[in-house]
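Participant: Shown below is the structure under consideration.
The values are calculated or read from the model by the stated rules, or taken from the named source; none is laboratory data. Model, not experiment: these values are computed from the prediction. Don't worry about glycine lacking a Cβ; one is built from the backbone with ideal geometry, like all the others, and counts go over all protein chains shown. Please note that ligands, DNA and RNA were not included when accessible areas were found on the heavy atoms of the full protein model with its side chains. Shrake-Rupley method; radii C 1.70, N 1.55, O 1.52, S 1.80 Å.
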Amino acid sequence: AQGKRFCERLEMRTRRLLGRSLRLALRNGRSRPTRRHCPECVHGGGHSPAPPWQRLALRSCSPREAGADWRRRCPMGGKCEALSRGRGGGGGGRLRGRAGGRWRWRRRRRRRGAMAEVEAGGGEGRCVRLNAKRAQELLADVDTVLFDCDGVLWRGETAVSGAPETLTALRARGKRLGFITNNSSKTREAYAEKLRRLGFGGPTGPGAGSEVFGTAYCTALYLRQRLTGPPTPKAYVLGSVALATELEAVGVSCVGVGPEPLQGDGPSAWLDEPLEPDVRAVVVGFDPHFSYMKLTKAVRYLQQPGCLLVGTNMDNRLPLENGRFIAGTGCLVRAVEMAAQRQADVIGKPSRFIFDCVSQEYGINPERTIMVGDRLDTDILLGVTCGLKTILTLTGVSTLRDVKSNQESDCLSKKKMVPDFYVDSIADLLPALQG
C-alpha cells in the first residue's frame, strides 16, 4: 500500500512537470523532450495514463510511427517532433536535463524516507531488522528467551554458524533460556544431550532436560490430564520410540510403535486384524514407519467411542542441512484426519497448550519474554498469540517474502503471522551481547 501511494504521488508530479514543459515549448518554440505531446499521433487515439513503474512508452509523434500524413493528423501541426528534437533530444524515454534531475532527486528522497520509516518501525510497525542498538535495548527489558531448535539453532546435525556463541553469551548475561520444539522424535534428555554436543551448553545430571519442551513431553502431559479414571490409559502411537517413552513415563502404555506391514491379501483381511483392547487415544507424531496398515488401524481405533485423536504438531516440512527438507509430522496428521473425518487436538506450536506447559514450569512473564523462531505459522504465531516479543531468523523455513505477503494479506489470521523483528541468523545478536 505504501508503494502504491508513492507511485500515485509520483505520477501526479510527473504530469504537472510535463504540462509545464509543454507550455514552455509552445511559448518559445523549444523545450526539453516532453512526453506525450500529441495524444493522437502515435497510436491514432488518446493514451490512458499508466503507472510510472511500467516505464511508459511516452514518445512524441514521428513519421515512422504515424505514417506519411503525420503532419496533417497532428493537432500541433507537426511541432511535436521538432520539440522532441530540442535541447536534450531523444523524443522518448526518461526526462533529461534539469527537469529530469529534479524528478530523479525527488524519487530518491522519497525512497530514502520510506526506507527510514520502515527501519524506524513506521508504517506497519512490525518486522524491523534487529541491529545491535535495538538488540541491546530489547535484551535489557527481557528475562527469558525461548528458542525453536530445528532451523534456528541447527539444521540436522550441524549447528548454525555463531549460534552456540550467542547462547553462551545470553547465559553469561543471566538470561533464562528455554527450547520449544515441535519435533517429537527425541525425549527431553536426548535434546539436552544434543544441545551440549553441538556446543550450546545447558544443565547436566538428572534434570538435564528441564530447559527443553518438546511435543513428545507435552503430549504426555496432555494425555495424563485427559485420560483419567479406569481403565489404565493406553494409546495407539504412530510415532517414534522417544514419543512412547515420554508417554510411558506418565503412565500411558503404548502400542503400535515400529514397522507394521500389511497383513493379508486385501481390505477384508486388513479389517480382520485384531485390535488391542482399551485403546483410548491415537497419537500421531513423526513416524518414519508410517504405512497404510497403520493408517487403517488408526481409523478403526478412532471409530470406537471416546477415543481421542492427538497430533504432536502440524509442521509440513522439517529443515535439514544444505537447504534440504523432508516431510513433517503435519502430513501424517492430515492423512489420519482425512481418513477418520476427525480433527486432531494439536499439542505443538502454535497451540497455546505447549506455552502453558512452559509457563507453569518457568513462571514466565510474557512482557519480558522473547520467542525466536524460523516459521511464521508456528513460532511467530505462538509468540503473537501469547503476547511475547517475536524474532524471525532467516536460517530456516520462512522468508521476508512470506512476511510481506502476510502484511499485505486481507486475512486477519495471516496478519498475525508477522514478527516484531527479524535477523539473518541468531548470531546477529552477538554484537549487542559483546558490546
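Participant: Can you tell me how many residues in the stretch 178-208 are in contact with a Leu (Cβ under 6 Å, 6 or more places away or on another chain) and among the aliphatic types (A, V, I, L, M)?
Facilitator: Within the stretch 178-208, residues that are in contact with a Leu (Cβ under 6 Å, 6 or more places away or on another chain) and among the aliphatic types (A, V, I, L, M) number 1.
Participant: Quick one: which residue in LEU167, LEU139 is among the hydrophobic types (A, V, I, L, M, F, W, C) and touching a Phe, Trp or Tyr at 6+ places or on another chain (Cβ under 9 Å)?
Facilitator: Matching residue, one of LEU167, LEU139: LEU167.
Yes or no, residue by residue, for (1) crowded, with 23+ Cβ neighbours inside 10 Å; (2) free of Cβ contacts under 8 Å to residues at least 24 places away in the same chain; (3) hydrophobic (A, V, I, L, M, F, W, C); (4) assigned by the TED database to the domain that holds LEU139:
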residue	(1), (2), (3), (4)
GLN304	no, no, no, no
GLY323	no, yes, no, no
ILE326	no, yes, yes, no
ALA340	no, no, yes, no
TYR362	no, no, no, yes
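Participant: If you don't mind, there's one more thing I want to ask. Kindly provide the set of residues from the stretch 369-397 that are closer than 16 Å to ASN313 by Cβ and open to solvent by 10 Å² or more (accessible area, probe 1.4 Å), ordered by number.
Facilitator: Hits for the stretch 369-397 are ARG375, ASP377, LEU381, THR385, GLY396, VAL397.
Participant: Within the stretch 153-184, track down each residue that is open to solvent by less than 40 Å² (accessible area, probe 1.4 Å) and closer than 23 Å to SER351 by Cβ.
Facilitator: Within the stretch 153-184, LEU153, LEU177, GLY178, PHE179, ILE180, THR181, ASN182, ASN183, SER184 qualify.
Participant: How many of the residues in the stretch 398-412 are of a type in the set (S, T, N, Q) and open to solvent by 50 Å² or more (accessible area, probe 1.4 Å)?
Facilitator: Within the stretch 398-412, residues that are of a type in the set (S, T, N, Q) and open to solvent by 50 Å² or more (accessible area, probe 1.4 Å) number 2.
Participant: I would also like to ask the following. Can you confirm whether THR158 is modelled with pLDDT under 95, under 27 Å from the mean Cα position of the chain (by Cα) and either over 23 Å from ALA1 (Cα atoms) or among the hydroxyl-bearing types (Ser, Thr, Tyr) (or both)?
Facilitator: Yes; evaluated as a whole, the condition is true for this residue.
Participant: Name the residue, out of ALA244, ALA298, ALA249, ALA281, that is in contact (Cβ under 8 Å) with a residue 60 or more places away in the chain and either out of contact with any Asp or Glu (no Cβ under 7 Å at 6 or more places or on another chain) or polar (S, T, N, Q) (or both).
Facilitator: Exactly one of ALA244, ALA298, ALA249, ALA281 is in contact (Cβ under 8 Å) with a residue 60 or more places away in the chain and either out of contact with any Asp or Glu (no Cβ under 7 Å at 6 or more places or on another chain) or polar (S, T, N, Q) (or both), namely ALA298.
Participant: Also, I was wondering about something else. Filter the stretch 228-250 down to residues that are farther than 25 Å from MET293 by Cβ and either among the polar types (S, T, N, Q) or open to solvent by less than 20 Å² (accessible area, probe 1.4 Å) (or both), then give me how many there are.
Facilitator: 2
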